[in-house]
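Worksheet for the structure shown next.
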Amino acid sequence: MKGVVFNYLAEMVEEGFGLEAWDSILQTTGLSGNYIASETYPDEEILMLVDAAHEKTGIDKKELIRSFGRYLLPSFREQNPQFFEAHTDLRSFLLSVDRMIHIEVRKLHPDAALPEFDYDEESESELTMYYTSPRKLCHLAEGLIDASAEHYNTKYTLDHTECMHDGAERCTLHLKFLD
Amino acid sequence: MDADVLNRAYEREKARRKKAEALLEEKSRELYLSYEKLQESHEQLQQTLDEHNRQTEEMTRLVTTYTTVKDDLEIAASLQADLLPDPVDTTTHAAHGYFQPAQFIAGDAYDYFMLSESVFAFYIIDVEGHGAASAMTSFAVHSQLTPKLDGICSRNLHTCNNHADAVIATVNDLNNNFYNPDSKNKYFTMLYGMLDLQAGKLTWCQAGHPALTLYSEGKPIELGCGGFPVGILEEPGFEAAECDIKPGDRVAIYSDGITECYNENKGFFGKDRLIDILLQNRSSEAYQSIATVRDELLAWNAGDEFNDDVTLLLIDYKKPVDQAEWNSVATLSL
């Protein structure tokens, strides 16, 4: 995983719980915390940090990761506004994640290990996203979707009907758009 | 806040910055190396481009030169074709020739003309090689053998005791004019002959050229006396040969461009094939026999062009000349 993600996680923990909390998490995990944004670090380290954050804050791990997703999105949007400006609604934006955004990201970072999304486009008001990734960060995707909905000012419901954490081959995220 | 926490945060940031600077330095070095490689590639590309431009200019110059040379050669080829005699067909004799340069212009040439009321002279030459240099020699020989009253052929006919001496003297004169060990003059083979239309006698001098073939009474007879090419030795010792010729006989003279014409398997057309085709067509008119040889040769030849100049001359002796017919003969032949 790219160092930039670790740095955002550090920033979120420090903003929410203070420098002491992040320091404590690093002390617990034994990790250095010296992450360079453009470098790649083992996926296990982010999971170790999340576990330690859960221990430190008492917040549910899934919710912690969801919050991190919500926290990441504004930064992504600030760095790549064109991906958001190309769409006027949440559904269209979510469809572009695998079909356009990830393609562009791979051009810039050929070594990036991105999750894969498949889609079922049931109707204009419904969309099913199938998430596949060896990192199983499906709750991060939930947080990112939630922040995107806020950006497009869209009310929605999300049913995570099947989950890789429960042994499914892929996660099924069923969305209904209420507006 | 705990001082230790702050201190560790400071050390983390310090270590992170140090790593970032080291990374930046490494990336800068890589970038510089990439820049140098790019610069090198640019220079190579520029050199390639310069070389390409130079070759294009050279190619343009060559195309212009080639076009000029080609135009000149086409004019020269036209002039050379104009020098060849028209077919002759009289009551006493007939003569037809086939001539095909390997390139635009040839080192081969032939001519025939009346030297007197009853003497029909002919020659065929083959200058070594082919192309412009050979053609220039061919032009020079032709100009010296042109049937002027004061020309070599006429002078020797009138000053020599017999036709054998006359043909030897003519070829010797040419050898004297073209032999020069200090120059790059080209040598040539030739066969120069006289047909005495009244006496029915054929006299010739063979200077390194393929032997002539006499078709008499349905049989081909090769008649040759060898000899060195003209211009190769100071005193080559040319000799003459003579034979009787009867009405109805045909004489064939050719250059080695025919016999050495090769097909796709590098097989020669060959002398036997030529003699046989002419024998099979002996009863045809000379121009028809020549057309058959030409068609067979074109079918045999491997490429679009011949590898050497091609010349074939056929002379038919019909009957002895008499004074009453001389006027018409002279009009058609000269």
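The values are calculated or read from the model by the stated rules, or taken from the named source; none is laboratory data. These numbers were taken from a predicted model, which means no experiment stands behind them. Cβ sites come from the backbone with ideal geometry, for glycine too, and all protein chains shown count toward neighbours. What goes into the accessible areas is simple: the full protein's heavy atoms, side chains included, and nothing from ligands, DNA or RNA. Shrake-Rupley method; radii C 1.70, N 1.55, O 1.52, S 1.80 Å.
Between A and B, buried accessible area from a 1.4 angstrom probe totals roughly 1100 Å², ignoring ligands, DNA and RNA. Using the rule -39500 (n - 2.57) for each DSSP H run of four or more residues, divided by the residues of chain B, the 222 nm mean residue ellipticity is -16500 deg cm²/dmol.
Measure off 7 Å from each Cα along the Cα-to-Cβ vector at B:ALA132 and A:LYS61, then give the distance between these two points in nanometres to one decimal. The answer from the label model is 9.1 nm.
Label-to-label distance for B:TYR66 and A:HIS165 is 7.8 nm, based on points extended 7 Å past Cα in the beta-carbon direction.
Of the solvent-accessible surface of segment B:86-333, computed with a 1.4 Å probe over protein heavy atoms with every protein chain present, carbon and sulfur atoms account for 47 percent.
Round to the nearest 0.05 the FRET efficiency obtained for B:LEU84 and B:GLN39 when R0 = 51 Å and r is the Cβ-Cβ distance. Walk me through the numbers before you get to the answer.
Values: r = 66 Å, r/R0 = 1.29.
Using R0 = 51 Å, I get an efficiency of 0.20.
Relative to one another, the C-alpha centroids of segment B:10-80 and segment B:255-311 are positioned 54 Å apart. For segment B:1-83, with all protein chains in place and a probe radius of 1.4 Å, 57% of the accessible heavy-atom surface sits on carbon or sulfur. Probing with 1.4 Å while keeping every protein chain in the model, the per residue accessible area of segment B:1-83 equals 86 Å². Could you identify which residue out of B:LYS318, B:LYS219, B:LYS37 has the top mean-square fluctuation in a GNM of chain B using Cα springs shorter than 10 Å? Per the Cα network of chain B with a 10 Å cutoff, B:LYS37 tops the list. In this calculation the C-beta distance from B:LYS184 to B:GLN47 is compared with R0 = 45 Å, giving a FRET efficiency of 0.65. Place a point 7 Å from Cα of B:ARG54 in the direction of its Cβ. Which residues in segment B:14-48 have their backbone N less than 19 Å from it? What the label zone holds, given the 19 Å backbone N cut-off, is B:41-48.
Sequence-distant contacts, meaning Cα pairs under 8 Å at least 6 residues apart, place the relative contact order of segment A:3-59 at 42 percent.
Computed with a 1.4 Å probe over protein heavy atoms only, the accessible area of A:GLU122 comes to about 90 Å². Once R0 is set to 22 Å, what does the formula 1/(1 + (r/R0)^6) return for the Cβ-Cβ distance between A:VAL4 and A:GLN27, expressed as a FRET efficiency to the nearest 0.05? That pair, A:VAL4 with A:GLN27, gives E of 0.45. Working note: Karplus 6.51/-1.76/1.60 with θ = phi - 60° gives segment B:122-135 the couplings 8, 8, 9, 10, 9, 6, 3, x, 7, x, 4, 4, 5, 5 Hz, where Gly and Pro are set to x. Sorted on the mean count of surrounding Cβ atoms within 10 Å across their residues, most packed first, peptides B:175-186, B:221-232 read B:221-232, B:175-186.
From the square roots a ≥ b ≥ c of the eigenvalues of the alpha-carbon gyration tensor of segment B:159-274, which class results: rounded (a/c under 1.5), prolate (a/b over b/c), or oblate?
Details: a/c = 3.07, a/b = 1.06, b/c = 2.90.
Judged from the Cα gyration tensor, segment B:159-274 comes out oblate (a/c at least 1.5, b/c at or above a/b).
Can you tell me the accessible area per residue over segment A:1-138, all protein chains present, probe 1.4 angstrom, in square angstrom?
With the other protein chains kept in place, segment A:1-138 gives 51 Å² per residue.
Ligands, DNA and RNA aside, A:THR88 has an accessible area near 130 Å² when probed at 1.4 Å.
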